[in-house]
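Report on the following structure.
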Amino acid sequence: MCLGFPGKLIEMDDFKAVVDIDGTRREVSLMMLPDEVVLGDYVMVHAGFAIAKMDPDEAQKTLEALREFADLLDEEGQL
Amino acid sequence: MKFVKDFRDRELAEKLLAAISREADTSRVYRFMEVCGSHTMAVSRFGLRSLLPKNIELVSGPGCPVCVTPQWEIDAIFEIASREDVTIVTFGDMIRVPGSRGESLQKLRADGADIRIVFSPLDTLKIAEETGKNTVFIGIGFETTAPTAAALAKTAKELGTANVFVAPFCKTVPEVMDVLLADETLEIDGFLCPGHVSVVTGLDIYKAVTAQKRSAVVTGFEPLDILSSVLEMVRQHNKGEYEVKNFYTRAVKNEGNLKAQALLKEVFYQADTDWRGLGRIPKSGLRFRDEYQSVDALAKFGIQETGVTDLKGCKCGDVLKGKMKPSACPMFDNGCTPQNPYGPCMVSSEGSCSAYYKYER
Ligand code: SF4
Ligand code: SF4
């Protein structure tokens with residue numbers, strides 16, 4: 001029930017915005033979003049509210065860290 | 001898309017699984033609980049339970065608000081719903097939850113009750129304006145959802161809307177985790193912490209977990225998120241060093257969403273409340289502060305708390321504690337199915353029973 005979906009901001013005024021979630025347009029409230037956003041940013045949408053900015057750089061960093069996390073062991077395993 | 005597909009990379013998943021197998025100490029068992037139903041769903045859907053080494057047990061916990069709503073709250077909702085002067089506004093998850101006499105919002109609606117399903121609590125305002133009737137939003141959820149109910153209450157109050165009410169049935173996660181940890185029969189070594197709850201709360205609420213030498217990793221809902229978290233937990237236990245980790249940094253900030261936290265504090269206070277199958281848990285419920293009495297559905301309709309009575313024969317209590325696998329409930333697929341649920345854990349798509357029914361039968 002408290003699912004969050006990444007939505008791309010495609011329209012925005014003060015407290016309201018429209019996001020694209022997998023091709024579906026949804027109106028969301030921005031009143032709970034703590035971060036500054038601009039059109040094109042991704043936000044996590046839950047129950048009609050944007051609750052967090054989603055950070056693609058962080059996603060990339062996590063993936064890189066995961067690779068290291070898994071690979072490190074590969075090397076150690078061969079010792 | 002970046003946030004989803006990359007986190008399903010098969011090759012990397014296999015590497016993580018290999019690392020887990022190599023590092024997991026075969027002389028012991030690791031028991032990790034998914035607090036959140038969406039984690040349970042993901043674990044079931046991607047078949048992770050069967051891919052992990054046998055001595056790593058992933059058990060599902062109380063992670064769905066629909067599942068943990070006690071019978072008296074459900075019955076109170078039905079009582080309000082059957083009044084002629086009322087429109088009920090709810091998320092779709094609630095619509096099929098069975099009451100103690102077999103009723104559900106769906107059935108009440110078929111009998112003429114005015115029940116509307118919405119995506120956003122704020123839609124309640126529009127509906128109230130259209131109908132002019134007393135319009136009651138069913139506020140069920142954890143810290144992810146509770147701020148959205150608080151936002152509705154605050155907006156209604158600011159607009160001076162006289163016919164919008166909220167049933168304050170939201171619950172908080174750290175308190176129930178405490179109860180589960182304190183129960184020695186459950187033997188929980190660590191928690192996969194709920195990603196979306198953590199978006200709001202941040203990481204500090206899990207410090208109590210690591211202080212008790214249990215691991216706590218906040219993570220997302222894709223296979224790589226879950227596998228890397230399991231690996232991290234195994235490593236923490238092997239080293240005997242425990243630290244709350246954030247593996248969902250693409251959405252969760254360490255401090256959480258301060259705006260949402262402030263909104264919660266402004267509108268609600270923490271009160272003792274009842275959980276299905278788990279009993280009364282101190283300070284785990286959210287009730288309206290005095291300034292918000294005018295939107296409180298409990299005050300408006302004179303609802304009394306009647307205490308816990310659970311459905312006969314339904315093993316949700318044991319399922320929610322990770323004590324019993326859903327498939328071990330005598331009613332599982334035997335009088336209780338997603339098409340015809342007996343207990344709430346089979347209703348909600350994130351309920352453990354429904355996840356097992358769909359993917360692990
Ligand atoms: S409501 Fe859903 S997503 Fe949120 S904690 Fe519960 S099961 Fe997880
Ligand atoms: S299978 Fe049905 S009756 Fe049994 S615990 Fe799950 S929901 Fe309850």
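Of all the listed residues (B:GLU175, B:GLU187), the sole one being acidic (Asp, Glu) and within 16 Å of ligand 1 (Cβ to nearest atom) is B:GLU175. For the range B:342-360, the candidate set comprises residues that are farther than 23 Å from B:LEU186 by Cα and open to solvent by less than 20 Å² (accessible area, probe 1.4 Å); within that set, the residue that is farthest from ligand 1 (Cβ to nearest atom) is B:VAL347. Candidates B:VAL176, B:VAL200: the one that is under 25 Å from B:GLY279 (Cα atoms) and open to solvent by less than 10 Å² (accessible area, probe 1.4 Å) is B:VAL176.
Taking residues in the range B:56-85 that are more than 18 Å from B:MET346 (Cα to Cα), and partners anywhere that are open to solvent by 10 Å² or more (accessible area, probe 1.4 Å) and in a helix (DSSP H, G or I), the pairs with Cβ atoms closer than 6 Å and at least 6 places apart or on different chains are B:LEU58/B:ARG49; B:ALA81/B:LEU108.
Which of the residues belonging to the range B:260-290 are assigned to a helix (DSSP H, G or I) and either without any contact (Cβ under 8 Å) to a residue 60 or more places away in the chain or open to solvent by less than 20 Å² (accessible area, probe 1.4 Å) (or both)? Scanning the range B:260-290 gives B:ALA260, B:ALA262, B:LEU263, B:LYS265, B:VAL267, B:ASP290. State yes or no: is B:SER349 part of a helix (DSSP H, G or I) and closer than 26 Å to A:LEU3 by Cα? For B:SER349, the condition - part of a helix (DSSP H, G or I) and closer than 26 Å to A:LEU3 by Cα - is not met.
When the test is whether a residue is away from chain A (no Cβ under 14 Å), touching a residue at least 40 places away in the same chain (Cβ under 8 Å) and either more than 16 Å from ligand 1 (Cβ to nearest atom) or not in a loop (DSSP other than H, G, I, E, B) (or both), B:GLN293 does not pass it.
Note on the range B:130-228: enclosed strands (runs of 3 or more DSSP E) holding 1 or more residues that are under 19 Å from B:VAL59 (Cα atoms) and not hydrophobic (A, V, I, L, M, F, W, C) are B:190-194, B:215-219. Out of all the residues in the range B:102-109, is one or more outside any loop (DSSP other than H, G, I, E, B), modelled with pLDDT under 90 and under 21 Å from B:GLY37 (Cβ atoms)? Within the range B:102-109, not a single residue is outside any loop (DSSP other than H, G, I, E, B), modelled with pLDDT under 90 and under 21 Å from B:GLY37 (Cβ atoms).
Only one of the numbered conditions (1) within 16 Å of ligand 2 (Cβ to nearest atom); (2) basic (Lys, Arg); (3) part of a strand (DSSP E or B) is violated by B:ARG96, and that is (3).
Number of residues in the range B:124-148 that are facing chain A (nearest Cβ under 7 Å) and either on the phi < 0 side of the Ramachandran plot or of a type in the set (Lys, Arg) (or both) equals 5.
Residues in the range B:315-340 that are more than 16 Å from ligand 1 (Cβ to nearest atom) and open to solvent by less than 30 Å² (accessible area, probe 1.4 Å): B:GLY317, B:CYS329, B:PHE332, B:CYS336, B:THR337.
The values are calculated or read from the model by the stated rules, or taken from the named source; none is laboratory data. These numbers were taken from a predicted model, which means no experiment stands behind them. Every residue, glycine as well, gets a Cβ built from its backbone with ideal geometry; the counts of neighbours run over all protein chains shown. Side chains are part of the model used for accessible areas, which takes the heavy atoms of the whole protein and leaves out ligands, DNA and RNA. Shrake-Rupley method; radii C 1.70, N 1.55, O 1.52, S 1.80 Å.
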